[in-house]
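One structure is given here, and the rest of the page talks about it.
The values are calculated or read from the model by the stated rules, or taken from the named source; none is laboratory data. In this text the structure is predicted, and so the values were computed from the model without any measurement. Cβ placement follows ideal geometry from the backbone for every residue including glycine, while neighbour counts extend to all protein chains displayed. For accessibility, only protein heavy atoms count, side chains too; no ligands or nucleic acids. Shrake-Rupley method; radii C 1.70, N 1.55, O 1.52, S 1.80 Å.
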Amino acid sequence: TCVWGFPSSLWVTADAAPAVKKSRVYYGSLEEKERERLSSDIVSGTATGSDAVKAGIEAGNINISSGGSQIIEDRVSERQQEALAEFERRRRARQITVSTDDAEVKAGLRALGEPITLFGEGPADRRERLRGILSVVGPDALKKSRKDEERAKRSQDECQQTWYHEGSTSLKDSRLWLARYSLPRAMRRLEAARAQRDIAEATRTIRQQELHKSLRNLNNFCSQIGDDRPISFCHFSPDSKMLATASWSGLCKLWSIPECNLIRTLRGHNTNVGAVVFRPQAGLSLDQSDVSLASCAADGSVKLWNLESDEPVADIEGHSERVSRVSWHPSGRFLGTTCYDNSWRLWDLEVQEEILHQEGHSKGVHDLHFHPDGSLAATGGLDAFGRVWDLRTGRCVVFLEGHLKEIYSLHFSPNGYHLATGSGDNTCKVWELRNRKCLYTVPAHQNLLSAVRFQPTDGHFLLTGAYDNTAKVWSHPGWTPLKTLAGHEGKVMGVDVSPDGKLIATSSYDRTFKLWLSE
């Protein structure tokens, strides 16, 4: 159909869209009108207006173009652009399908990093909010976030899986040797426990009361200035006749017991010594020239010493960061070291090589102690978790979770099934290894615990040292406080009980060590 009443050249069909009229802007001169204006306004000398224009053009003073035009595109204002974008977003939102299950809607909002609910918001409002968010970020964003979440969960599950790789022949031989060594010792320990159980209850109670009475009478027997710097560690020899101390000056010293006379100064470390420990048979079945002590320092150095020289007889190399503790296996064949590279290592001194480099902690490993049978090793560190490892299989058999801060010390009880841990949360926890749970939490001190030790003979008391300048003695079992060993002017950094159970040693930040004896 046509609309009549217009010339044929202007016929418009009903289906045709109206033509868009585009505005024009003119630039340059408008030819004749410009010439007329110039001729009327410019008169110079005797020349007429047209002659003046010509003269100006020839002189280059007047430039008259032939004229032209340029089409200006229609500019849409910013407000119009925003309105169009909003219309387009609403159109996309209408096309997005959103679940009507409120739980799925909340899960989608959580996956997109949005709050799952707002104040006063109902399920329908929440669904519309999710639809609006998806119209902006795109409907594929939810699928992508879910894929990322599944991928992260899958990788986390893979990280938690236990995996194994083939070890060396020396490690296999060591594990077999450890099994043959530990099983007879476990049998003897169980036989002794059965014999102890057969003793009358009244007799056991009397012995326990006598022990508690002697512990309450503990007094300072000797105090000795040990070095120019804080004394970080102390350890009795197996025959209870010597005490080894380690200092931040880099020196280790041997002292006679109970006279506290200096026997020898061990020189070799250049920085803070973290620990010095006697080999289990030192002074008993070993010669003076055999390796009898091991020490470690903050620069990662580990040194072995004998009882004849003040120079180290060997260095154990391979640690890249601080080695905080060393510990001898009960057999005296193996040496364990803990390192701040989140691992601990086991060295076989017979073959003179590292046989195990064990990871498992997420932060630095601070302390290590071996089970009396020689079958297990307990480690604890800066991640606040403890682990008990079976040396015969390599598995982590007990995971100790409960401390709020770093674990600085661990010690097995002679009974074989209790383990004490001292932590930076000011508590000492006693763990029952048979059911893998925390037996009791001792609110021991007012500052972090630096050392815990069970009585080495029967385990009838527990000794703790802390940064509140005191050491304390606790009954076992019962965990009642028996004696507070006060007298140090600085933090107590190390404690030990002599193998015969008669003496207690404490070393401190005040550069002294003290011996405590029951009168």
Report task. Mind listing the long-range amide H neighbours of SER249? Cut-off is under 5 Å, sequence gap 5 or more, other chains count too, H placed in the peptide plane at 1.01 Å from N. Result -> ARG229, VAL273
Query raised in the report: Sorted by accessible area with a 1.4 angstrom probe, largest first, how do LYS429, LYS153 fall?
Result: LYS153, LYS429
Query raised in the report: Could you give me the ³J(HN,Hα) list for region 432-446, computed from phi with Karplus coefficients 6.51, -1.76, 1.60 and θ = phi - 60°, whole Hz, x at Gly and Pro?
Result: 8, 6, 6, 10, 6, 9, 7, 7, 7, 10, 8, x, 6, 9, 9
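How about region 260-314: which trypsin sites (Lys or Arg not before Pro) there lie in a loop by DSSP and see at most 16 other Cβ atoms within 10 Å?
Here no loop site has a sparse enough neighbourhood.
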Query - In region 79-121, GluC sites (Glu not before Pro) in a DSSP loop with at most 15 other beta-carbon atoms within 10 Å - result: GLU121
Requested in this report: Just flag the GluC sites (Glu not before Pro) in region 395-496 sitting in loop per DSSP whose Cβ has no more than 10 other Cβ atoms within 10 Å.
Outcome: GLU401, GLU489
Query raised in the report: Using the Cα gyration tensor of region 224-342, with a ≥ b ≥ c the square roots of its eigenvalues, what is the shape: rounded (a/c below 1.5), prolate (a/b larger than b/c) or oblate (neither)?
Result: oblate
Report task. Would you calculate the separation in nanometres between label points at GLU359 and ASP125, each defined as 7 Å from the Cα along the Cα-to-beta-carbon direction? Result -> 5.0 nm
Report summary line: Which residues qualify? For SER409, with a placed amide H closer than 5 Å and at least 5 residues away or on another chain, they are GLY422
Query - region 270-364, dipole about Cα centre (Lys/Arg Cβ +1, Asp/Glu Cβ -1), debye to the nearest 20 - result: 460 debye
Query raised in the report: For ASN220 and GLN81 in the same chain, what is the full-extension length gain: residue separation times 0.36 nm, less their Cα-Cα distance, in nm?
Result: 41.3 nm
**Report entry** Per residue value of the accessible surface for region 392-519 (all protein chains in place, 1.4 Å probe), Å²
**Finding:** 39 Å²
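Could you work out the relative contact order of region 171-518? I mean the mean sequence separation of Cα pairs under 8 Å and 6+ apart, divided by the number of residues, in percent.
15 percent
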Report task. Specify whether the C-alpha gyration tensor of region 288-336 places it in the rounded, prolate or oblate class, a ≥ b ≥ c being the square roots of the eigenvalues: rounded for a/c under 1.5, otherwise prolate if a/b is larger than b/c and oblate if not. Result -> oblate
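Given axes a ≥ b ≥ c from the Cα gyration tensor, I'd like to know whether region 171-518 is rounded (a/c under 1.5), prolate (a/b larger than b/c) or oblate.
Values: a/c = 1.31, a/b = 1.07, b/c = 1.22.
Rounded, since a/c falls under 1.5.
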Report summary line: With all protein chains present, region 171-518 has a carbon and sulfur share of its accessible area (1.4 Å probe) in percent of 47 percent
Query raised in the report: For the cross-link pairs LYS429/LYS491; LYS303/LYS502; LYS213/LYS491; LYS213/LYS472, which exceed 18 Å when the distance is taken from alpha carbon to alpha carbon?
Result: LYS429/LYS491; LYS303/LYS502; LYS213/LYS491
